[in-house]
Amino acid sequence: MTMELNDLLHELNDQRRTFRITMRGLTAADAVKRATASELTLGGLLKHLIRCERSWTHILTEQPLPPPGMLDSDQYTWTGTDFEGLLASYDEAVRATDEAVRAASLDKLVPLPSAPWDTDPQPMSIRMIVLHLIRETAQHAGHADIIRETLDGQSTTASLRES
């Protein structure tokens, strides 16, 4: 593994760890609660990040396009009862992404699926996909932290110091 690949995966996994810390000690009932004016819930954010990881892994391994569920409008909504199962699905999606990234060259260009906001997308390098995953995970880790603090006062920042 190159130093660049190692650094990128280290940063991505650091963002994932921050997001996962926010989920500590939650119940399924907590994960479906809205805590702000937004429709976002912690379970919904987790479901979206699972879909995000799976979609980008699908793309970077050049499976038939588009990835299943990539454009589903309900991907930010989770109303389930098996929160531990949802967390396990996230961990599984993360492992699959990391394996696919390690097996590819960062410079490799892969085709992107057409989407309503981009009907003629240009190919993207594996490097840019990893950078996108870092940004996406960090953005939603911030959303999750705000929701968690509003729900029960738990702070991811304080939890990071404890871990």
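The values are calculated or read from the model by the stated rules, or taken from the named source; none is laboratory data. None of these values were measured; they are calculated from a predicted model. The area values use the complete protein model at the heavy-atom level, side chains included, leaving out ligands, DNA and RNA. Shrake-Rupley method; radii C 1.70, N 1.55, O 1.52, S 1.80 Å.
Which value results for Rg/Rh of region 1-81 when Rg is the Cα radius of gyration and Rh the Kirkwood radius based on the inverse mean 1/r? List each step's numbers first, then the result.
Details: Rg = 15.1 Å, Rh = 14.5 Å.
Rg divided by Rh gives 1.04.
Quote the relative contact order of region 1-134 in percent (integer), defining contacts as alpha-carbon pairs under 8 Å separated by 6+ residues.
27
If you roll a 1.4 Å probe over the chain with all protein chains in place, what percent of the accessible area is carbon or sulfur?
Values: 4510 of 8590 Å².
Here it works out to 53 percent.
Could you state the principal axis extents of the C-alpha atoms in region 83-137, from the largest down, to the nearest angstrom?
Cα extents, longest axis first: 39, 28, 17 Å.
With 10 Å bins from zero, work out the P(r) of region 16-56 over every alpha carbon pair and list the percent per bin.
Calculated P(r), rounded to whole percents: 27, 54, 19.
Using the heavy atoms of the protein chains and a 1.4 angstrom probe, tell me the accessible area per residue for the chain in square angstrom.
Values: 8590 Å² over 163 residues.
Ligands and nucleic acids excluded, the figure is 53 Å² per residue.
Hey, got the Cα dimensions of region 42-163 along the principal axes, in Å, largest first?
Projected onto its principal axes, the Cα set of region 42-163 covers 43, 30, 25 Å.
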